[in-house]
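The structure under discussion appears below in the form of structure tokens.
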Amino acid sequence: MDVDLPRTVAEVTAAFAGYEEALVADDRAAIAGYFWDSPGTVRFGIADQQSGAADIRSWRWQQPPLPPGRKLFETAISTFGTEFAVVTTLFSYPGATARGRQTQAWARFPAGWRIVSAHVSEIPDAGADAGGGAGPV
């Protein structure tokens, strides 16, 4: 199996960037479009969980926008062949003491790259130096 083929990494990087842009802009339709439209799609949040794309869409439409100033740190993209990838990142917000963790499994479909599984968690009171102090990505 080919791991981290440059073209595949670039494709997933672009898909992840588009998802992040939609998330920060609170573009709920675009966010939903990045998830695999299947009952098998799963998202575990900090204090919630959704099973299936319809459940994820319903949950997303009920959520307030993200706080301003979201920053990503230590984003890593690993691809396996040309059809599957895992994206991990840390995130924070200005003035918050907690740091977030985010993992997404992406798969290539005829319509493009889609999130098939997502997990978001929080590191309470992580402080400014959590995650190795890397700068935003």
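List the residue pairs whose Cβ atoms are under 6 Å apart, where the first residue sits in region 18-32 and is under 16 Å from Arg70 (Cα atoms), the second is surrounded by fewer than 17 Cβ atoms within 10 Å (Cβ to Cβ) and not hydrophobic (A, V, I, L, M, F, W, C), and the two are 6 or more positions apart or on different chains. If the second residue must be surrounded by fewer than 17 Cβ atoms within 10 Å (Cβ to Cβ) and not hydrophobic (A, V, I, L, M, F, W, C), the pairs left are Val24/Arg70; Asp26/Pro65. Scanning region 34-49 for residues that are closer than 17 Å to Val87 by Cα and surrounded by fewer than 17 Cβ atoms within 10 Å (Cβ to Cβ) returns Phe44, Gly45.
For region 67-79, the condition of being of a type outside the set (Ser, Thr, Tyr), surrounded by 12 or more Cβ atoms within 10 Å (Cβ to Cβ) and closer than 19 Å to Phe109 by Cα holds for at least one residue. The residues of region 5-40 that are within 11 Å of the chain's Cα centre (by Cα) and outside any helix (DSSP H, G or I), listed by number, are Tyr34, Phe35. Close Cβ contacts (under 8 Å, 6 or more residues apart or on different chains) running from residues in region 88-100 that are without any contact (Cβ under 8 Å) to a residue 40 or more places away in the chain and within 17 Å of Glu21 (Cβ to Cβ) to residues that are of a type in the set (Phe, Trp, Tyr) and assigned to a strand (DSSP E or B) comprise Phe91/Phe73. For Ala85, state whether it is at pLDDT 95 or above and surrounded by fewer than 13 Cβ atoms within 10 Å (Cβ to Cβ). Answer is no for this residue. Taking residues in region 112-137 that are within 30 Å of Ala54 (Cα to Cα), and partners anywhere that are at pLDDT below 75, the pairs with Cβ atoms closer than 7 Å and at least 6 places apart or on different chains are Ile123/Ala130. Of a type in the set (A, V, I, L, M, F, W, C) and modelled with pLDDT of 95 or more, is that true of Ala98? Here the answer is no, as Ala98 does not meet what is asked. Mind checking which residues of region 50-66 are surrounded by 12 or more Cβ atoms within 10 Å (Cβ to Cβ) and either free of Cβ contacts under 8 Å to residues at least 40 places away in the same chain or in contact with a Ser or Thr (Cβ under 9 Å, 6 or more places away or on another chain) (or both)? Matches in region 50-66: Gln50, Ser51, Gly52, Ala53, Ala54, Asp55, Ile56, Arg57, Ser58, Trp59, Arg60, Gln63. Taken together, the residues in region 54-95 that are among the acidic types (Asp, Glu) and more than 27 Å from Asp4 (Cα to Cα) amount to 1.
The values are calculated or read from the model by the stated rules, or taken from the named source; none is laboratory data. All values derive from a computational prediction rather than experimental measurement. Because the Cβ atoms are built from the backbone with ideal geometry, glycine has one as well, and the counts that use them run over all protein chains shown.
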